[in-house]
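Single-structure report; data block below.
We did not get these values from a lab; they are worked out from the coordinates using the rules stated. Predicted model, so just to flag it, every value in this text is computed and none were measured. Cβ atoms come from the backbone with ideal geometry, glycine included; neighbour counts cover every protein chain shown.
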Amino acid sequence: MDKKVFSGSIESLRSTERVKHLEVQRVVELCLENNTIQKMLDVGTGSGVFAEVFRGYGIKVSGVDPHPEMLNFAREYVPDGDFRQGAAEQLPYPDRSFDLVFMGVVLHETNDPLKALKESRRVSQNRVCILEWPYQSQSFGPPLAHRLKPEFLEELFHLAGFEDWQTTELDATILYRLNLSTK
């Protein structure tokens, strides 16, 4: 099994401590800021923690995860969501299907982060938001060796075709809001 992939219990993805570290409500609000979002895709949805909060804003939610058991768990919390098995590097949706594509602490787990970013850009028509762990040792989250350096991420953003983004440092994570060019 790939050591970068989350291997804890599904229930731990919804632990009070983890939700607090991820600042789920604040992250969702920042993703929605200055945008009209009707449809969103949660890439690496896991147990649907973020999908559930996005749904609470009346947004039509879809989610992708490579693990069927994760999708079953997410469906319990977002029964009207469209959850599909799939990888971040090959999203099972047509071009420009979503107003927002969200990747919550999952890019560092992908086998090909550049391809995952290109796929997210392909299926979005407005914005892609990437929540990641900072490149520093913390008592929670993945080990430092699995975290992505900011300069590496910025290079990936450029290579994936993004020219405009905002970076927001949160208490335990960093949110990147990548906007698609209106050209």
Mean separation of Cα contacts under 8 Å, 6 or more apart, over the residue count of segment 63-164: relative contact order %: 23 percent
For the chain, what's the radius of gyration and Dmax over Cα atoms, in angstrom? 14.8, 44
Distance in nm between Ser97 and Glu163 label points, each 7 Å along Cα→Cβ, equals 2.8 nm
Mind ordering 105-115, 151-161, 44-54, 127-137 by average Cβ neighbours within 10 Å, highest first? 44-54, 127-137, 105-115, 151-161
Centre separation in Å (Cα based) which lies between segment 43-105 and segment 111-183: 18 Å
About the Cα centre, and with charges only on the beta carbon of Lys, Arg (+1) and Asp, Glu (-1), how big is the dipole of segment 11-179? Nearest 20 debye, please. 240 debye
Computed [θ] at 222 nm, deg cm²/dmol, the chain (DSSP H ≥ 4; -39,500 (n - 2.57); rounded to nearest 500): -8500 deg cm²/dmol
Over the chain, with a Gaussian network built from C-alpha contacts below 10 Å, which listed residue (Ser139, Ser120, Ser62) shows the highest mean-square fluctuation? Ser139
